[in-house]
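Take a look at the structure set out below.
The values are calculated or read from the model by the stated rules, or taken from the named source; none is laboratory data. Remember, it's a predicted structure, so these values are computed and weren't measured experimentally. FYI the Cβ positions are ideal-geometry reconstructions off the backbone, even for glycines, and counts take in every protein chain you see. Side chains are part of the model used for accessible areas, which takes the heavy atoms of the whole protein and leaves out ligands, DNA and RNA. Shrake-Rupley method; radii C 1.70, N 1.55, O 1.52, S 1.80 Å.
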There are 4 protein chains.
Amino acid sequence: MSAVRIGVIGAGNMGADHVSTLHRFVSGAEVTLVADVDRERADAVASTVPGARATDDAHALIADPGVDAVVIASHDSTHADLAIAAVRAGKPVMCEKPLAPTTRECVRVVRAEQQAGGGLISLGFMRRFDPAYMELKAAVAAGACGSPLLLHCISRGVSSSPGCTDEFSVTGSAIHEFDTVPWLLDSPITEVSWHAALTTSAVTGLRDPQLMLLRTADGALTTVETFLNAGYGYDIRCEIAGERGTLALANPARLVADADRARSTTYPADWRPRFADAYRLELQAWTDAVAQQQPSPLATAHDGLTACAVAEAVITSMKNGGRTIDVEVPEV
Amino acid sequence: MSAVRIGVIGAGNMGADHVSTLHRFVSGAEVTLVADVDRERADAVASTVPGARATDDAHALIADPGVDAVVIASHDSTHADLAIAAVRAGKPVMCEKPLAPTTRECVRVVRAEQQAGGGLISLGFMRRFDPAYMELKAAVAAGACGSPLLLHCISRGVSSSPGCTDEFSVTGSAIHEFDTVPWLLDSPITEVSWHAALTTSAVTGLRDPQLMLLRTADGALTTVETFLNAGYGYDIRCEIAGERGTLALANPARLVADADRARSTTYPADWRPRFADAYRLELQAWTDAVAQQQPSPLATAHDGLTACAVAEAVITSMKNGGRTIDVEVPEV
Amino acid sequence: MSAVRIGVIGAGNMGADHVSTLHRFVSGAEVTLVADVDRERADAVASTVPGARATDDAHALIADPGVDAVVIASHDSTHADLAIAAVRAGKPVMCEKPLAPTTRECVRVVRAEQQAGGGLISLGFMRRFDPAYMELKAAVAAGACGSPLLLHCISRGVSSSPGCTDEFSVTGSAIHEFDTVPWLLDSPITEVSWHAALTTSAVTGLRDPQLMLLRTADGALTTVETFLNAGYGYDIRCEIAGERGTLALANPARLVADADRARSTTYPADWRPRFADAYRLELQAWTDAVAQQQPSPLATAHDGLTACAVAEAVITSMKNGGRTIDVEVPEV
Amino acid sequence: MSAVRIGVIGAGNMGADHVSTLHRFVSGAEVTLVADVDRERADAVASTVPGARATDDAHALIADPGVDAVVIASHDSTHADLAIAAVRAGKPVMCEKPLAPTTRECVRVVRAEQQAGGGLISLGFMRRFDPAYMELKAAVAAGACGSPLLLHCISRGVSSSPGCTDEFSVTGSAIHEFDTVPWLLDSPITEVSWHAALTTSAVTGLRDPQLMLLRTADGALTTVETFLNAGYGYDIRCEIAGERGTLALANPARLVADADRARSTTYPADWRPRFADAYRLELQAWTDAVAQQQPSPLATAHDGLTACAVAEAVITSMKNGGRTIDVEVPEV
């Protein structure tokens, strides 16, 4: 069976990580082409893979006969158009989240995919492939905690990027929960509300941390904390309290150290060490599906649309004093 | 220095525990009289302390010349009247929470105490004497996590009592948080809202678990989960996320066991093992203050009024679709 | 019931701690007299207890009619003579470990106690009253791990005192395990061997850490690590592996903190915070036994003799290249 | 770059796992041939890989022109001869541990490899590729705990196989520590002793658990517990106590559950889930080295000889009452 020839659009951190993972750790994948608007950056990343070429033209990459399937890891604003171009070219595409910044644009992508026959777009909600989240979902499905009633999700990072807005906490961070929670519970989010500490960071000008409440169709209630400037480390938590008990992600640290009057484990500085295995398994699953012409087990374009609709509802709540807002996912 | 002679009103679980703790473990305390409307129960508890007498008349206990100070652990509905009787008799009193079921009645008690010269009533918010909570408060005050921004409090129990109402989750369980959070942050609760999973337990007829949001004057936001029928055990958690890091109560289990493919620690079935030390230290601190005629370091009647006002605001929110309600503490 | 009037010999750290614990936290105890060869130190400690007197004459304290029972917390070398004086005076005595530096002297004390009718000496192996060790013993006895086969005991401290010798690691630190292990297993230690890393600390001139192997009559094997200069904190561990599982002491920290890329709990600098509750419960149990003229539930003089015999066997092994040595407890 | 064509000898659990891992998760590897003395078993495993063939002749597999490199996962007794055949055929080989049952045979293999020019044999001490062990080694090397002084290694399993002998606890289980400890410390094991609880399992007829002491050239002392019938789960622990602190493997569980009065994490039933990632990374590193004609980063044949020599010394101690035995590695 010959390898799936993959073109990667975007040679920033995320794109470079994907190229490295595909090349070094994904069975049956071959990176053949790397595109970036910054041609030098594309060259640098392509040079890490024997035989790979570089371009500054993403559309040329999509059209290239040496590319069987496309990974989109370029700027968020480009995802929709590139995904549409890929499906029009009939090529499977693994697009980093978000699918698009607005539900309107997400709808446009979903429609384009439908017109191309469907099933071509996979969305990079990588938590679905994190071994700990997979165990959590399996345990919930097996009834280990009984019917889920209350979930507590926490996403903390070291510091926000310059220019970060209040909305980014929702669209860039909490959006992972908007996909993960319905996936874990097998039940869509129906209403949301947004709350924040009054304290506004003097340094960042942001409302941070933020707290959101999500209600799913099964009646469960979820609290989501996003804290971009938590300072101490990158820390993702999830606990599900059900009728018979609870299930939670364990601290993923591999070492315990005793020193200086303390027993400690460490946190990574960002998401990459925490989710390296999730990215690998996601890309492996996607490559396998492409190779075997099977349906992709990744999140779909419609999942991306749904998460975007939840984010929009949360931002509406943010702008309306924390009012409870119904989530409306456009029919496509 | 002669011992403080203590009369205990109420010979149920709580009262019997207090008698045992005072007799066995509190230096300088002597239980001399036990009162209960059920005289046999009073006799049974009194018989565990050499020299202690029993009565079915709480007011006689308060008036008894062999009683220097009074512990009230009778039915909640009796607390206010008995506390007032004790202060009118000029005797220090340690009253179990709640001070009274309504702010109106709390005000009546606070006024009676003021008329008696003040400083006679201590309220049994025992978490203030739990060594873990004390360490937590000290660490916050020392700046270990920076300014607190977000708190997560969880109170879970095995099962609710028969006849338990939605309101009891607030007045009987969450009320501890209404005292603990302002005490930890040194900042009063100013507004609240109430939220619950739609799921109503088929077994209990209760809305359980419940989720409440509290905002304190310092701008911090607190989530409070109460889950009376969590099933798995009695479990109290508290985490404070601040500008520089977090602080949380550790799991208080003393043993770790490996068996049957699992590594585990155990939970108690109710609050008594969890807070036995807190009760002991609270009663010791109160006894010392009485003996030395110093101000009591326990929560005051006014603290009880404040917690009651928060509970009333939460119940107002509960009855008004989760609307955010300002907390109004009557001026006394 | 009137209080037990206690005289405390020794006003150093340990003695001052005992005076404070007895006065502040032990029900039914009254410290009436404090002795120390340094009269000023005795005065200072006595002044913390209303009504307590001071002396520089330990034997006068023992003879004092205002002293019902004696606590010995003076220099190790004085324990045997003072314990003998107390039993000859017919007074119950709680002697800090060790009972005496040699089995020869321990035998002398045990004989003196026998001649006085027995049952007067309690020995301060406080771990028997530590709530975690008590739970561990109860769980073993309840069969939670099946028959114990292998134990791992670790005692680590921050740094050794100046002038500390290799032998002190055995007689001052491991001696706690020599009492705890047979108490946990209900089986005496029958043979021992001593092992150490070749590395000798340049700073301390000690062989540290040390490793000892103990075999008990039930066939179980115990590893004992003593590490006086572990640097990071005071850390006591114990795990029992049995036929059906394991049981171990949990980390006793009360708080968990996130900061600076780490999740951590703290260690105390020395044994006092770790075993404060054990000392309190030990003194309470002893006071209760004295007051009620019941047999003391503390370790006995004979337990002290036994632990001393184990220590001597370990030191014999230390001086003989780690050879396995039979433990011989003199018949008394 | 074309894939490395791999032939796998042995279609039992270990061999089938390797085939699955190579096929599904190793980039650049292609399983082309599977050999087993049981042809049906070979067929069954080969059928899981499109294009792979099967044979019952291991030597034919080694000689096959469609095989670039060989994995040996057949019965332990066959390892030496097959490894020699592979190196004589000039093919890189990844041989499961042990290299051979005796140092004598190990020497024969090492000599055969030397005659073939060296560098062809890699040995499957997979712990070197376990992410937690890799972090541990890196932290030690970075000085995180100061100079290592004392190590505690524990290997526990659910139950031993029928026919298991006392020696197997050393050659089949502790042998991993004989490789891991010198690798972690960068210092060879120089002397050993063996100790066991007197208790002999009525069920298994084995001396189990066993305790071994290892001394490395750097002066550090290591305790090794092997407990084949620990019952509760597969559990591997390692703690290093150094001059400035300790480092230890964290519990690798991914979920924490609350239920039935307990907080718990689970243990796997055997080594495969625990070390799945180690095997994958080991096979990836080996495949990369073969493809790039670089030296293999895996353990070498000489490492296998060394571990075997340690095992023989331990067994000598076992048969001589626990005497301390010097490790002698034959010069080759």
| query | If you check every pair at least six apart or on different chains, which have Cβ atoms under 8 Å apart with a residue in the range D:296-308 that is of a type in the set (S, T, Y) first and a residue that is open to solvent by 40 Å² or more (accessible area, probe 1.4 Å) second? | reply | D:S296/D:G119; D:T306/D:P188; D:T306/D:V329
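Does the range C:45-61 hold any residues that are more than 16 Å from C:E96 (Cα to Cα) and outside any loop (DSSP other than H, G, I, E, B), and which are they? Let's see the steps before the verdict.
The initial filter retains those residues of the range C:45-61 that are more than 16 Å from C:E96 (Cα to Cα), namely C:45-57, C:59-61.
C:V45, C:A46, C:R53, C:A54, C:T55, C:H59, C:A60, C:L61 - these are the residues of the range C:45-61 that are more than 16 Å from C:E96 (Cα to Cα) and outside any loop (DSSP other than H, G, I, E, B).
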| In the range A:291-314, the residues that are open to solvent by 30 Å² or more (accessible area, probe 1.4 Å) and over 15 Å from the mean Cα position of the chain (by Cα) | A:A291, A:Q292, A:Q293, A:Q294, A:P295, A:S296, A:E312
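From C:T204, C:T216, grab the single residue that is under 30 Å from C:S147 (Cβ atoms), among the β-branched types (V, I, T) and assigned by TED's automatic domain parsing to the domain that holds C:L150. So that I can check it myself, show each step before the final result.
Working: C:T204 fails: under 30 Å from C:S147 (Cβ atoms).
Just a single option satisfies the conditions, and that option is C:T216.
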| Among the numbered criteria (1) buried (at least 20 other Cβ atoms within 10 Å of the Cβ); (2) in contact with a strand residue (DSSP E or B) (Cβ under 9 Å, 6 or more places away or on another chain); (3) of a type outside the set (K, R), which single criterion is violated by C:G143? | (1)
| said: Going through A:H79, A:H75 one at a time, which residue ends up being more than 14 Å from chain D (Cβ to nearest Cβ), closer than 26 Å to A:R41 by Cβ and open to solvent by 20 Å² or more (accessible area, probe 1.4 Å)? | reply: A:H75
| query | Just a yes or no: is a residue in the range C:121-128 of a type outside the set (V, I, T), open to solvent by 10 Å² or more (accessible area, probe 1.4 Å) and either over 26 Å from C:L211 (Cβ atoms) or within 14 Å of chain B (Cβ to nearest Cβ) (or both)? | reply | no
| query | Has the range B:212-232 got any residue that is of a type in the set (G, A, S), touching a Phe, Trp or Tyr at 6+ places or on another chain (Cβ under 9 Å) and touching a residue at least 12 places away in the same chain (Cβ under 8 Å)? | reply | no
| query | Does any residue of the range B:141-150 turn out to be modelled with pLDDT of 95 or more and in a helix (DSSP H, G or I)? | reply | yes
| said: When you check C:D326 against the structure, is it surrounded by fewer than 21 Cβ atoms within 10 Å (Cβ to Cβ), closer than 30 Å to A:A259 by Cβ and in contact (Cβ under 8 Å) with a residue 40 or more places away in the chain, yes or no? | reply: no
| task | Look through the range B:24-38, keep the residues that are out of contact with any Ser or Thr (no Cβ under 7 Å at 6 or more places or on another chain) and surrounded by fewer than 24 Cβ atoms within 10 Å (Cβ to Cβ), and return whichever of them is nearest to B:D57 (Cα to Cα). | result | B:V37
| request: Report whether or not D:S77 is small (G, A, S) and either in the same structural domain as D:I240 (by TED's automatic domain parsing) or more than 22 Å from D:A285 (Cα to Cα) (or both). | output: yes
| field | Enumeration of residues in the range A:2-37 that are in a helix (DSSP H, G or I), among the hydrophobic types (A, V, I, L, M, F, W, C) and more than 14 Å from every other protein chain (Cβ to nearest Cβ) | value | A:M14, A:A16
| task | List every residue pair whose Cβ atoms lie under 9 Å apart, where the two residues are 6 or more positions apart in sequence or sit on different chains, the first residue falls within the range C:15-27 and is under 24 Å from B:V19 (Cα atoms), and the second residue, located anywhere, is of a type in the set (S, T, Y) and assigned to a helix (DSSP H, G or I). | result | C:T21/C:Y279; C:L22/C:T287; C:V26/C:T287; C:S27/C:T287
| Out of all the residues in the range C:315-330, which are within 20 Å of the chain's Cα centre (by Cα) and assigned to a helix (DSSP H, G or I)? | C:I315
| So how many residues does the range D:43-61 have that are closer than 27 Å to D:T171 by Cα and aliphatic (A, V, I, L, M)? | 1
| request: Kindly list, by first and then second residue, each pair from a residue in the range D:167-182 that is not assigned by TED's automatic domain parsing to the domain that holds D:Y234 to a residue that is surrounded by fewer than 24 Cβ atoms within 10 Å (Cβ to Cβ), limited to pairs with Cβ atoms under 8 Å and residues at least 6 apart or on different chains. | output: none
| said: Contact list please: Cβ distance under 9 Å, first residue in the range B:87-110 and touching a residue at least 60 places away in the same chain (Cβ under 8 Å) and of a type in the set (K, R), second residue open to solvent by less than 30 Å² (accessible area, probe 1.4 Å) and in a strand (DSSP E or B), pairs at least six apart or on different chains. | reply: B:K97/B:L123; B:K97/B:A299
| query | Looking at (1) surrounded by fewer than 18 Cβ atoms within 10 Å (Cβ to Cβ); (2) within 14 Å of another protein chain (Cβ to nearest Cβ); (3) without any contact (Cβ under 8 Å) to a residue 60 or more places away in the chain, which is the only condition D:S159 fails? | reply | (3)
| field | In the range C:271-312, the residues that are at pLDDT 95 or above and of a type in the set (D, E, K, R) | value | C:R274, C:D277, C:R280, C:E282, C:D288, C:D303, C:E312
| note | Going through (1) away from chain C (no Cβ under 14 Å); (2) surrounded by fewer than 21 Cβ atoms within 10 Å (Cβ to Cβ); (3) under 17 Å from B:V19 (Cβ atoms); (4) out of contact with any Ser or Thr (no Cβ under 9 Å at 6 or more places or on another chain) one by one, B:A54 fails only at (4)
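Among the strands (runs of 3 or more DSSP E) contained in the range B:186-276, which hold 1 or more residues that are open to solvent by less than 10 Å² (accessible area, probe 1.4 Å) and more than 8 Å from every other protein chain (Cβ to nearest Cβ)?
Values: elements: B:189-196, B:210-216, B:221-227, B:235-242, B:246-249, B:255-259, B:262-266.
Fully inside the range B:186-276 and qualifying: B:189-196, B:210-216, B:221-227, B:235-242.
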| Among (1) assigned to a loop (DSSP other than H, G, I, E, B); (2) within 14 Å of chain B (Cβ to nearest Cβ); (3) open to solvent by less than 30 Å² (accessible area, probe 1.4 Å), where does C:G66 come up short? | (2)
